[in-house]
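A quick write-up on the structure given underneath.
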Amino acid sequence: MPEPERLRDHTTLRLGGPARRFVTATTEEEVVAAVRAGDEAGEPVLVLGGGSNLVVADEGFPGTVVEVATRGVRADVEDGADPGCGGVLVRVAAGETWDDLVARAVVSGWVGVEALSGIPGSVGATPVQNVGAYGQEVSQTIATVRVWDRVLKGVRTFAAADCGFGYRHSRFKADRLDPWGGRHVVLEVTFQLRQGDLGAPVEYAELARTLGVEQGERAAAADVRAAVLGLRAGKGMVLDEGDHDTWSAGSFFTNPLVDPAEVPEGAPAWPQPDGRVKTSAAWLIDHAGFAKGYGDGPAGLSTKHPLALTNRGSATTADLLALAREVRDGVQEKFGIRLVNEPVLVGCEL
Ligand code: EPU
């Protein structure tokens with residue numbers, strides 16, 4: 001019997017016990033066959049992309065883990081083609097690494113994802129939680145998402161307007177079969193990107209400052225990528241094997257959406273179209289007494305950003321969850337706001 005695959009070897013937190021069965025699928029057919037076989041056997045199925053947004057129980061996973069390792073980036077224009085034609089459609093296999101796609105886009109003069117540089121994980125994971133950073137969200141450039149529907153047992157293509165995108169949200173996140181598993185398994189994402197050398201208008205104040213432009217102005221896409229990589233690295237949000245601050249799942253909590261009256265004095269408040277305001281989870285955590293680097297145990301807050309919970313090397317999932325509960329409960333007690341976890345919890349709860 002070969003040793004079972006351990007999920008901690010497949011997650012950026014380096015946490016999680018063994019998988020009962022582990023399948024690496026390199027074609028769409030293999031992805032569908034593996035998910036279908038698990039579903040038909042009535043077994044739990046976990047679809048794994050880059051493992052950067054998962055907290056897996058120490059007990060492991062009592063079913064089939066399907067690692068999506070499909071490849072392919074197909075654009076409908078040649079590299080360097082006349083940008084006069086206005087745009088490019090790029091079809092990307094779910095298993096492609098997100099940041100490789102961003103790097104390729106910047107080099108090819110495809111505009112609209114450059115501010116999403118340095119985000120870990122796979123392309124197929126990006127629509128699920130509508131990945132966003134530094135003023136961009138993938139929903140702004142996604143044209144369609146092709147999925148395997150585990151309920152209807154067929155392949156479907158959703159136009160962006162039908163994806164239910166919101167802040168860190170989509171129909172793919174909403175339609176769950178299990179706490180860790182969606183009804184839809186993403187097979188391919190098609191992006192509609194503009195062509196040119198200038199990035200999209202810079203909307204994030206910190207990024208605009210770094211680039212020396214006004215908010216709403218443009219800068220060269222390559223410069224935007226470099227600036228974002230620098231900012232992210234400074235916050236421990238670019239994966240680095242040797243830096244335990246990056247043994248995380250990125251932001252552990254979403255930024256809460258609350259009534260304007262609920263925002264604590266001094267906290268950031270970004271107005272939303274629906275009248276609510278988004279406030280800062282990092283600020284709440286920091287001001288509830290959990291500064292960067294908090295925690296003496298094997299799990300602690302990143303020394304570079306209070307919103308990342310990290311494995312300092314020998315943590316268990318139980319350690320990490322205990323820290324998450326302490327932070328969540330501390331913020332609730334101090335500010336009356338309940339933080340909600342952003343990563344997917346597999347076989348465990350907060
Ligand atoms: N802040 C503090 N103390 C700190 C750090 C930050 O009070 O030590 C406050 C500051 O007021 C700051 C605010 O928090 O202005 C926001 O901090 P930051 O700009 O670092 O952004 P964030 O809201 O913490 C979000 C995303 C990140 C994304 C960045 C940049 C969420 C949950 N997180 O973080 O996304 O990279 O903005 O756009 O929306 C992720 O989702 O995994 C992720 C890393």
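Just so it is clear, none of the values below were taken in a lab; they were calculated from the coordinates. Since the structure is predicted, the reported quantities are computational estimates derived from the model, not experimental observations. Glycine gets a Cβ as well: all are built from the backbone with ideal geometry, and neighbour counts include every protein chain shown.
So, R0 is 25 Å and r is the distance between the beta-carbons of Q332 and Y167; what FRET efficiency does that work out to, to 0.05?
It comes out at approximately 0.75.
Could you tell me which of rounded, prolate or oblate describes the stretch 270-310, using a ≥ b ≥ c as the square roots of the eigenvalues of the alpha-carbon gyration tensor, with rounded for a/c under 1.5 and, failing that, prolate when a/b is larger than b/c and oblate otherwise?
prolate
Tally Lys and Arg at +1 and Asp and Glu at -1 over the other residues with C-beta under 13 Å from the C-beta of R328: what net charge comes out?
So the environment of R328 carries a net charge of -2.
Ranked highest first by the average count of other Cβ atoms within 10 Å around their residues, in what order do 335-346, 120-131 fall?
Result, highest mean Cβ count within 10 Å first: 120-131, 335-346.
Classify the stretch 251-350: rounded, prolate or oblate, from the alpha-carbon gyration tensor (a ≥ b ≥ c, eigenvalue square roots; a/c under 1.5 rounded; otherwise prolate if a/b is larger than b/c)?
prolate
Arrange the peptides 22-28, 111-117, 184-190, 290-296 so that the one whose residues have, on average, the most other Cβ atoms within 10 Å appears first.
Listed from highest to lowest mean packing, they are 111-117, 184-190, 22-28, 290-296.
Under DSSP H, which helices of the chain have Cα atoms covering 24 Å or more of the helix axis and a Kyte-Doolittle average no less than -1.0?
Passing helices, by number: 317-335.
For the residues W148, W270, what sequence is obtained by ranking on other C-beta atoms within 10 Å, fewest first?
By the 10 Å Cβ count, ascending, the order reads W270, W148.
Would you mind giving the average projected area, over all directions, of the Cα convex hull of the stretch 73-233 in nm² with one decimal?
That works out to 9.3 nm², a quarter of the Cα hull's surface.
Show which lysines lie in cross-link reach of K292 when reach means a straight Cα distance below 22 angstrom and same-chain residues fewer than eight apart are skipped.
K235, K278, K304, K334
Amide H to amide H, which residues 5 or more places from F253 or on other chains are under 5 Å from it, using H placed in the peptide plane?
Amide H neighbours of F253, under 5 Å, 5+ apart: E342.
Could you tell me the distance between the Cα centroids of the stretch 171-214 and the stretch 1-35, to the nearest Å?
After rounding, the separation between the Cα centres reads 26 Å.
Per DSSP H run of n ≥ 4, the term is -39500 (n - 2.57); total these for the chain, divide by its residue number, and report the mean residue ellipticity at 222 nm rounded to 500 deg cm²/dmol.
Mean residue ellipticity at 222 nm (helix-derived): -6500 deg cm²/dmol.
Sort 305-316, 152-163 by the packing proxy (mean of other Cβ within 10 Å over each peptide's residues), most packed first.
Output ranking for 305-316, 152-163: 305-316, 152-163.
In percent, what relative contact order does the chain have, based on Cα pairs under 8 Å that are 6 or more apart in sequence?
The normalised contact order for the chain reaches 16 percent.
Let me understand the chain better: what is its radius of gyration from the alpha carbons, and its Dmax, in angstrom?
Cα-based Rg and Dmax for the chain come out at 20.1, 61 Å.
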